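The values are calculated or read from the model by the stated rules, or taken from the named source; none is laboratory data. From a predicted model like this one, the values you see are computed outputs, not experimental measurements. With ideal geometry, Cβ positions are generated from the backbone for all residues, glycine too; neighbour counts draw on all protein chains shown. Areas reflect the complete protein model, heavy atoms only, side chains present, ligands, DNA and RNA absent. Shrake-Rupley method; radii C 1.70, N 1.55, O 1.52, S 1.80 Å.
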Amino acid sequence: MEITLVLGDITEQEVDAVVNAANSSLMGGGGVDGAIHRRGGPEILDECRRLRASRYGKGLPTGQAVATTAGRLPARWVIHTVGPVHSRSQDRSELLASCYRESLRVADSLGARSVAFPAISTGIYGWPMDDAARIALETVRQAETSVPDVRFVLFDDRAYAAFASLL
Ligand code: ADP
């Protein structure tokens, strides 16, 4: 597997699948989630609604992942995953690692050859960037997956530097 770091906007990535840092409602939100739905158009939300009505009545649990169409994005699929909210009193690292593992498992089931990840949980969910970068890189490196091309798409210099210093 080749791991690449990109400074940029995940909605512009020409990959098979982009991963969305969603919330469990799957009904959209801010950050990456808002950008994906705005740029990808209403088809993505339509499919999210159907998923809520069928498989995920109570919402998508933290650490799990599910795919939809990517609508008008250059990618073919959006893989929605729900990162944990960072906590000082409880170690939720395993849930964050699970987001990366489960997203790659879904990517494998789709036959995706290239996957772009944002830095899950590091925005609204408050995870410190350096720690999130370590968990992301370790988990993806160790994952049992046949996806050959994984990109981390970092939105600003600080996020890019955190990942670059570990890679
Ligand atoms: P979470 O709720 O999991 O914290 P956010 O979307 O708030 O998710 O933020 C996750 C990370 O994605 C943050 O580091 C944020 O700066 C970054 N980000 C926001 N918009 C984009 C985008 N369009 N492309 C890539 N990364 C983005």
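Before moving on, here are some points about what is shown:
- Test: residue in the stretch 63-70 that is within 14 Å of the ligand (Cβ to nearest atom), surrounded by 15 or more Cβ atoms within 10 Å (Cβ to Cβ), in contact (Cβ under 8 Å) with a residue 24 or more places away in the chain and among the β-branched types (Val, Ile, Thr): no
- Residues being of a type in the set (Lys, Arg) and under 24 Å from Thr139 (Cβ atoms) - total across the stretch 1-54: 0
- Qualifying residue in the stretch 77-85 (condition: within 23 Å of Thr4 (Cα to Cα), open to solvent by 30 Å² or more (accessible area, probe 1.4 Å) and away from the ligand (no atom under 11 Å from the Cβ)): yes
- Of all residues in the stretch 139-159, those that are of a type in the set (Asp, Glu) and either assigned to a helix (DSSP H, G or I) or within 15 Å of the ligand (Cβ to nearest atom) (or both) total 2.
- Consider the stretch 30-56 and keep the residues that are farther than 24 Å from Ser121 by Cβ and not in a helix (DSSP H, G or I). The one that is least open to solvent (accessible area, probe 1.4 Å) is Gly41.
Let's see how each residue does on (1) surrounded by fewer than 24 Cβ atoms within 10 Å (Cβ to Cβ); (2) in a helix (DSSP H, G or I):
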{"position": "Arg101", "(1), (2)": "yes, yes"}
{"position": "Val106", "(1), (2)": "yes, yes"}
{"position": "Ile120", "(1), (2)": "no, no"}
{"position": "Ile124", "(1), (2)": "yes, no"}
{"position": "Leu137", "(1), (2)": "yes, yes"}
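- Of all residues in the stretch 1-29, those satisfying the criterion of being assigned to a loop (DSSP other than H, G, I, E, B) and polar (S, T, N, Q) are Gln13, Asn23, Ser24, Ser25.
- Any hit, the stretch 100-116, residues being under 23 Å from Ala159 (Cβ atoms) and within 9 Å of the ligand (Cβ to nearest atom): yes
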